[in-house]
Structures are given as structure tokens and as C-alpha cells.
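Here, each number is a calculation from the coordinates, and none is a lab measurement. In this text the structure is predicted, and so the values were computed from the model without any measurement. Please note: Cβ atoms are built from the backbone with ideal geometry, for glycine as well, and neighbour counts cover all protein chains shown.
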Ligand SMILES: Nc1nc2c(ncn2[C@@H]2O[C@H](COP(=O)(O)OP(=O)(O)OP(=O)(O)O)[C@@H](O)[C@H]2O)c(=O)[nH]1
Ligand SMILES: [Mg+2]
């Protein structure tokens, strides 16, 4: 590919609900522009942008992919993004670097959950977008119903630029309301035809709506329009382009990605009405080129052949291979000898890259997703990328013993590629906890560990990190360790009091009088208690929230030593705990659930069945936010439950809140299960 100027670059994300046809659309745009020679199909597993084995197998996009093509001298940097919520991390990455969006909507399903989500994001940034009603060839496709739905759902001004000729089986082309010309398609190429008679009135009506929208986006044009004058073709064209670029209105196009209908018009529209990189950055290319180099790395992939590949977008300066660059976040130099344009998994080396463009670098040693690359001496960062917190966790372990290191290494490679994944060793349960955005996400990670890194992994629901504590105060509990037959003797002897303690996990005090336990042995007693606390008397869970006071004891001038007092301390602790009415505690989480209003009842019912307590609720836009406390043991699968209750329309966050007693009948079960597991 040649080097493109910021005046001739469009960075556009294709975003939508899962399955609306984003990947098919990217493919057919690449094909029509000549960027690829063979038109692939998602269902045949041969598209440019769904190239990972996991994507081909599932026919679903999992990671974002770059798909640059050239149309009318402009480099259109398409980014194909995932639609399923489990893979939302890459949607966030793409959103951070695009200047405009094609929102793909299925002509049958209409507006869906993720359509609303990406739309909201575009609104927040007043991002220009084109709405493309795809799958016009499908049975029950209905352009006008979906158009009305778009108008009803969104507050933006939504204006069709085209109307379809026919629908479902008979869908054959479009009437372009800008030129008032009609087209059918021959292998993707538009062939001009007369506007079908039965569409003429409708075309006129919608053209009037379009003219009004164009006029209203510019004061001068509006004056003319209100005075009843006609806009010249030049005025109309310029007004259309600026009205869309400023997101004064959102144009609607339609077609069929599968049958390659309406796609060239969509490409025309992108080049004409979406902002160039120069426009989006708000400076001329000349200015941008003179500024110091600055780019954001928004995605990292681990390619089996090339190694680490970092996708980056340049915000200022020119990238010249061989120069020295500097990662501001890591305070590290990065030497890069090549710069690439990527299309799916295909790389093409280019000579240099201009401001505003998107490309890829290989073998960056220190750089991670979200980092700013610049040159030495520059220290202000570009805004990073926000990723959602994981919602689902599994305890994982290697299938074969001895593969622990291999697993650790593989996971750290996968973590580089995916910022919505976390791995953590739980110090209480000793389990390795893998957390991600949902069951599909985690299953794919586990599959990749097997297929790409050769580590088989067992997954399980994480164990609950229960704790134990006491409810009563006990006094004068004796602990005596005495071994005085043969060889060197052992003698340690203590009395302790034990009480519930609210202000922390553990407090140790002593009220020894007259040296009954010599001063130098007191720390050993405390240590003995603490070691014993690692395994409580009920089910060997760690003990918390207790206060122990060493009150008395005795010693032997020869046989006493630290070890003996440590053992005495732990013996006393166990006895005391047994007598002090021990109970089991469980972690309770603070949960915030956001759902459309109609699911409130179901969410509350479900929370009740999970022993949750509702703290309150409030309206947020069109949604309700429910705050609740619920035991962790009931919440491990909440990501899955919420998805099924709300058909994917709910989201939630969850953080640890406090420990609370486990209800008795459940505690008995937990204790019994632990005993069985031990045996
Ligand atoms: N009939 C018809 N089917 C289409 C059209 N576009 C896409 N499809 C089909 O819809 C299914 C999903 O298409 P994709 O292109 O994978 O959709 P996507 O939006 O990329 O899906 P995700 O990336 O998984 O969110 C596939 O079976 C496509 O063949 C179309 O214009 N007409
Ligand atoms: Mg896709």
C-alpha cells in the first residue's frame, strides 16, 4: 500500500449487535474496493477479518481486525469489531481510535441491545456515523419498519439517503435520494436504472425530508430553504457532507452484504461524509507532521509466526521505521525497524506512516495495549483505553501435574492480548482464578490454551473463601506442652482469654504479671496462636475477628523454649475456639445491576432466591440501577444468569463488601462437604 496523507484517511469502525453482518460487510467492502481478490463468507470461514481458528469454528468475531481499503483515492481504515458482549474489550479498543462509525442493523431484527450501546457511545462523543440497514435480502426484511424503530429509539435526527428497491427475495437495488437515481447491481457494481414507478412518490417524500435535514444543518442554507429557494447541487452536496460530519443528522443506507448490493454506495458515502483523519484531529496535515510523534497502541496480538504485533494509531508526527521511539507509560525506549499495514492477518510493509493513520508494529519489547508511543522528551500521555471489569470467574488448573509453569507462561501471553481477562492466585483457597467477561469468553481462552499453547486446563467453580470466627468470650483456657522424658525436655504453659473482635482480623494482648511467662517467650505464644488461626476448628478455614489475651502461664528453667511456648499457644487457641461458639463466615458482595425497567421484577425475584438484600434502586436514563448485597457463593454464575434473565440487556459490577455469618443450615452443609473432600 502506498503512503496516505491525513487528508485522505478515514478511520471507521463497523459496530453492531452480534450477527448483524459486520464481518460480511467488511469483507464485501474490501472486495469491491479491490483490496481482496476473492469474496469470502463468514459461513465458509474464509473472510479476511474472522481469521482466528476460534472465530472460524464459531462463525463469530472474537477480536477486532483491521481492514484497510482504498476507495476514490482515500484509504478507508475499516475496523471490524465483535458484536457479542463477551468480547466487548475489543469494541472499547476500537472505539478509542475511530473517528466515525458504520452502525450495522439487521433489516429483520432491527435495533438490538448492542446497537443501543454503541449508539450511546457515539452520542457521548458526538461521533458521526452512518446507519446501514443490512440483510435486506432476508425473508421479512423491512427497511421502513427498522427506519421507524431507529427514529423511535434514538433522539438523533435520522434521515434515509436511500430507499430499497424490493425487499427480501425481490430486493435488487436502491434509489439514491441524493442523486435521485436508481441502481441495480451486477456483481456488486451499480448499474443505473429508471426509478421504479411505484417508488417515485415515496422517493420524493424522503428526498424532501433529506433536503430539510441538510438545510437545517447550516444557517445560510436554512435561510435559503425557508425563503423557498432551491439549494444548488453544490450547496446540497456540501451541506450533506458537513451535516453528517458534524452529526447534525445520521444518514441511513441499506443493502445486502451477502449479495453485494448497495455496498459501493456505502463506500461512496464513507468517503464523502465521514471525517478524514485531518478533520477529526482538527489540524492540517502540515501542522500534524511537524509535531512530535505520538501514537496510541490500542490492540496487541500474539501472532504464532511473527510474535507480538501492536496495532497503533498516530495522533501526530510521522512514523519512520528505524528511528528511536519512546514508550511514555513504561519509560522505555523502543526501536522499531518496520511498519505495516494489516488486513486481517495479512501484513504489508510500508515505507512510513503519516499522522492520523492506523498500522501495526512488531516486536515492541515493553509496549502494552493502552500505552502511548512517542519520542524522548515528551511526557504527556494520550488518554488510555477503559476496559470493563470481568464478571465471571473459574478456578483453573493444568490437566497434567507439572504443567503449572507452562500454564503460567501461556496465560501471561494471553493477558497481553486481552485486557478484559485477569488471573489471580487466591491466597486463602490457593486456587488460580481466571476471570473474564462471560462463559464464552473464558471457554475460548481455555480452548486457546490447549490449541495454541498445548496446555490442557481443568475449570471449576471457584471455592468460596469462607472464614471462621467466634461468637462468645471465653477465659482462662489452658494450653500446655510438656515433654520431659528422655533427652532435652520441652515445657510451655499458658492461659488465654479469647473474645470476638470487630475492628480487625486479629489482636493479641498480654497481661502477664510477675514473669509467669518470661517476656522473651511471649512473641512465640502469639506466633503459635496465629499459625493455629490459619485453620479453624470448624472446617479448617482461616480464623478472623478475634482478640486473644495471654493472661498467665508457667515455665521451666531448663526445658522451656520458644518452640514449646508456640505449641502451647496453638493448643490453647484450639481449645478456646471450640468453646467460644465458633461460626462460619462468608464473603458478601456489593452488586450493582443495570437493566431495562421491564426486568426489575425478575431481577428482584432472582436476588431473593440468591439470599440477596436490595439496598436501593434508581433510574439512570432508560434503565434502572439496583444496588444489593449478596453472598459470593450465590453470585459466581451471575454473569450467565443475568444474561438469560435479560436476554443480554443487563450489566452488573460486583465488589467485595464484608464477611457475614453463613446461615446455620447452609453452614452444616459446607462443613460436611469439606470433611468429605478431606477424606
Ligand atoms: N441473508 C443475509 N445474511 C447475511 C447478510 N450479511 C450477513 N449475513 C449472515 O449473517 C450471519 C452473521 O454475519 P456476520 O458477518 O458474521 O455478522 P457479524 O455482525 O460480523 O457477527 P459478530 O461478529 O459475531 O457480531 C452470517 O451467517 C452471514 O452470512 C446479508 O446481507 N444477508
Ligand atoms: Mg463479525
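Side notes on the structure shown:
- Folded to 0 to 90 degrees: helix 404-417 orientation relative to the chain principal axis, Cα: 40 degrees
- Paramagnetic label zone (point 7 Å from Cα along Cα-to-C-beta, residue 59; backbone N under 16 Å) in the stretch 114-144: 135, 138-139
- Summary of the geometry: the stretch 541-587 and the stretch 1-74, compared by the centres of their Cα atoms, lie 67 Å apart.
- Modelled FRET efficiency - R0 56 Å, residue 578 with residue 619, Cβ distances, 0.05 increments: 0.65
- Rounded to whole Å, sorted largest first: equivalent-ellipsoid semi-axes of the stretch 434-562, Cα gyration tensor: 46, 20, 11
- The stretch 269-332: relative contact order as a whole-number percent, Cα under 8 Å and 6+ apart: 28 percent
- Kirkwood-type radius of the chain, with distances r between different C-alpha atoms, in Å: 29.3 Å
- If R0 equals 51 Å, the separation of the Cβ atoms of residue 471 and residue 148 corresponds to a calculated FRET efficiency of about 0.20.
- Burial ordering of 481, 441, 556, 665, fewest other beta-carbon atoms within 10 Å first: 665, 556, 481, 441
- Distance between the modelled labels on residue 3 and residue 677, one decimal in nanometres: 6.2 nm (7 Å Cα→Cβ projection).
- Between residue 563 and residue 197, full extension at 0.36 nm per residue minus the direct alpha carbon distance yields a gain of 121.7 nm.
- Most to least packed among 64-73, 23-32, 515-524 [average Cβ atoms within 10 Å]: 23-32, 64-73, 515-524
- Gain in span if fully extended, residue 665 to residue 237, counting 0.36 nm per residue against the direct Cα distance: 146.7 nm
- Computed from Cα atoms, the angle from the helix 200-216 axis to the main principal axis of the chain rounds to 70 degrees.
- Listed peptides 394-404, 410-420 by packing density, highest first (mean Cβ within 10 Å): 410-420, 394-404
- In the stretch 302-353, the inverse of the mean reciprocal separation of distinct Cα atoms equals 12.4 Å; this is its Kirkwood hydrodynamic radius.
- Anisotropy class of the stretch 572-665 from Cα gyration tensor, a/c 1.5 cut: prolate
- Rounded to 10°, Cα long-axis angle of helix 664-678 versus longest principal axis of the chain: 80 degrees
- Calculated [θ] (222 nm, deg cm²/dmol) that DSSP helices of n ≥ 4 give over the chain, each run adding -39,500 (n - 2.57): -9000 deg cm²/dmol
- The mean sequence separation of alpha-carbon pairs under 8 Å and at least six residues apart, normalised by the residue count of the stretch 549-679, gives a relative contact order of 31 percent.
- The protection proxy used here, the mean number of other Cβ atoms lying within 10 Å of each residue, ranks peptides 600-608, 567-575, 424-432, 238-246 as follows, highest first: 567-575, 238-246, 600-608, 424-432.
- Computed over the chain: relative contact order in percent, which uses C-alpha pairs under 8 Å that are six or more apart: 10 percent
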